[in-house]
Amino acid sequence: MKNRASPFASLLPALLVIGVLVLVPALGPSNRTLSLAISAGINIVALYGLAVLFGQTGILSMGHAALVGVGAYVAAILARDAGIGFWVALPLGSLLAAVAAAIVGVPSLRVSGHHFVIMTFAFGQLLAIVLTNGGDFTGAATGLDLQLPVTWFGRDAGELVPYYFIVVAFVAISAIASWAIINSSYGRTLRAIRENEKLAASLGINVGRHKIGAFVVSGLFAGVSGVLLAYFFRHISPNQFSSFPSIYLALMVMIGGARLLLGPIAGGILVSFLPEMLNLDPVESRILYGVCLIAVILLLPNGLIAGLLQGLQAIVKAAFGSRAETPAAGANNASGARR
């Protein structure tokens, strides 16, 4: 009888990679590299929420950046109007992003497939229009600035290195939370809906409620990402949360892979750093992203990490499989000879 692998085994690789990321500041990276790493980490937090929605439930949202924007604007408005800082804004921004996800999810999830993608895309565009025309409350097209510092036990944590550690900590929390969801009965229910929605409904699963629940969970992750983003850039504007940033996030999660815990980390790092390593301008970067997305869809439909693991398994099987079969084949031949 085969031994079942421990559920913790799926989390361990992600934690090891995050452990390596903790050591990055010790290597003395440039401010540019550290800033890119922080941006990648902020995206990874949002990607874990999108991975729950897309990887576990099979629903792809093209309005995820809008939910990130809800968290960011909540943090900026609370800081400006109420003097509420980073640590209080985090749960509030996350909760309000989850509420926004529920409000959008109730009508959107009445449809499926490309109709849902179009509706979430429209939500992102609508939010950008509302923010642009929000007057002084939202800062209109110019956006809002954040003046409050980020503190940690009374110390300023707004510099690059301290803030990097805060972002990596939230990446670790997001990975653990995602792992807990995946290995829970709720996660198994979401996968049942993904594999066969009609069969799941026939077994008594409330498909609509669970879809909205997955959308709300993705909103929680997005809200945290939005607060982190607002306090990192210190300025937010509507175009940061419109259609292309949502496509950008969907691209990351599809390239990295939505069903493995390493997928969001790989997608976030690769898409953030590849243009920098290749010295590409924004137009060339978008062309590269499109080519990468087409390549992943055609060659690695489950994402880069899953494709690499499958390739490694094929190599190991090719290298050691024949050796493992040789004794059995010899025994069979000997048995036939004795007959």
How far apart, in nm, are the 7 Å Cα→Cβ label points at Gln313 and Leu126? 4.2
Any idea how far the Cα center of segment 222-264 sits from the one of segment 118-171, in Å? 12
Have a look at Ala230, Gly58, Met254 and report the one farthest towards the positive end of the charge dipole of the chain, computed about the Cα centre with Cβ charges (Lys/Arg +1, Asp/Glu -1). Gly58
With point charges of +1 on the Cβ of Lys and Arg and -1 on the Cβ of Asp and Glu, referenced to the Cα centre of segment 10-302, which listed residue (Gly268, Gly124, Ile193) lies farthest in the positive direction of the dipole? Ile193
Relative contact order of segment 215-308, please, whole-number percent, based on alpha carbon pairs below 8 angstrom and at least 6 residues apart. 28
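First measure r as the distance between the Cβ atoms of Asn183 and Arg155, then evaluate 1/(1 + (r/R0)^6) with R0 = 30 Å and state the FRET efficiency to the nearest 0.05.
Efficiency, rounded to the nearest 0.05: 0.25.
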In degrees, nearest ten, helix 64-82 long axis to first principal axis of the chain (Cα): 40
Can you compute the FRET efficiency between Val88 and Ser35 using 1/(1 + (r/R0)^6), with r the Cβ-Cβ distance and R0 = 22 Å? Round to the nearest 0.05. 0.30
Label segment 207-289 by shape, choosing from rounded, prolate and oblate, from the square roots a ≥ b ≥ c of the eigenvalues of the Cα gyration tensor; if a/c is under 1.5 it is rounded, and otherwise prolate applies when a/b is larger than b/c, oblate when it is not. oblate
With -39,500 (n - 2.57) per DSSP H segment of 4 or more residues and division by the full residue count of the chain, the 222 nm estimate, nearest 500 deg cm²/dmol, is -25000 deg cm²/dmol
If you take the square roots of the eigenvalues of the alpha-carbon gyration tensor of segment 148-301 and sort them as a ≥ b ≥ c, do you get rounded (a/c under 1.5), prolate (a/b over b/c) or oblate? oblate
So, with points 7 Å from each Cα along the Cβ direction, the Ser202-Leu288 label distance in nm works out to 4.8
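Charges at C-beta only: +1 for Lys and Arg, -1 for Asp and Glu. How large is the resulting dipole of the chain about its Cα centre, in Debye rounded to 20?
Dipole of the chain, to the nearest 20 debye: 1540 debye.
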Can you tell me, using C-alpha contacts under 8 Å and at least 6 residues apart, the relative contact order of the chain as a whole percent? 31
Taking each pair of distinct Cα atoms in the chain once, what is the resulting Kirkwood hydrodynamic radius in Å? 21.4
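Laboratory data are not the source of any read-out in this text; all were calculated from the coordinates shown. Since the structure is predicted, the reported quantities are computational estimates derived from the model, not experimental observations. Note that we place each Cβ from the backbone using ideal geometry, even for glycine, and neighbour counts take in every protein chain shown.
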